[in-house]
Amino acid sequence: MTDEQRIAKINELLEQISPLNYERIFLETSLQFSKENYFKKYDEEEKAKIIEKEQKLKEINQKLTELFAQLREHQFLYFVEYEGEFSVGNGQTYWQPQREFLYLKTKCEIDTTTSSGWKPYINDPIVRQLLTELHNFLLNNRFSNLKIRHIIKQ
């Protein structure tokens, strides 16, 4: 499988996952409200809704489990160390170190924790592609301001 085919497959899987994830989030929230209502009134109609929502949620989670397993087969795992800027309510900000494993599309052999650090990767276009993907992910899902310290392909 070429990189283009692999990335196309990843995008196809993400398109299938996205609506299921939104539905899962909605159902989980709705289920929580239904349970709260049920425990206030012990209404049998609400209990039936709870059972129906739990069954639907179970089906969605099974589909998502299968889709995520397929997705992970086509992605690459990286360990990333970075700092993200947090805002405190009074307008002050501080940088907090973060470390996490992330699955990404770009295939890049990289380890910036060695003694040569980032130096061997500075002019590598694949590393630039990886950093762009990583920045986009972190900016969309974690922080509006961040600094990447190290990346290691697992």
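Tabulated data
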{"item": "Residue check, I50 hydrophobic (A, V, I, L, M, F, W, C), without any contact (Cβ under 8 Å) to a residue 12 or more places away in the chain and part of a helix (DSSP H, G or I)", "result": "no"}
{"item": "Qualifying positions in segment 3-18 - open to solvent by 70 Å² or more (accessible area, probe 1.4 Å) and more than 17 Å from the chain's Cα centre (by Cα)", "result": "D3, E4, Q5"}
{"item": "K35 vs. criteria more than 18 Å from the chain's Cα centre (by Cα) and either open to solvent by 90 Å² or more (accessible area, probe 1.4 Å) or farther than 28 Å from E66 by Cβ (or both)", "result": "no"}
{"item": "Check on E28, over 30 Å from Q129 (Cβ atoms) and either charged (D, E, K, R) or not in a helix (DSSP H, G or I) (or both)", "result": "yes"}
{"item": "Pairs where the first residue, in segment 79-107, is over 29 Å from L13 (Cα atoms) and the second is surrounded by fewer than 16 Cβ atoms within 10 Å (Cβ to Cβ) and of a type in the set (V, I, T), C-beta under 6 Å, 6+ apart", "result": "E85/T93; S87/T93"}
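The values are calculated or read from the model by the stated rules, or taken from the named source; none is laboratory data. Bear in mind that the values here come from a model prediction, so they are computed numbers and not experimental data. Neighbour counts are summed over all protein chains in view; Cβ atoms, including those assigned to glycine, are modelled from backbone coordinates with ideal geometry. We work out accessible area using only protein heavy atoms, side chains counted, and drop any ligands, DNA or RNA first. Shrake-Rupley method; radii C 1.70, N 1.55, O 1.52, S 1.80 Å.
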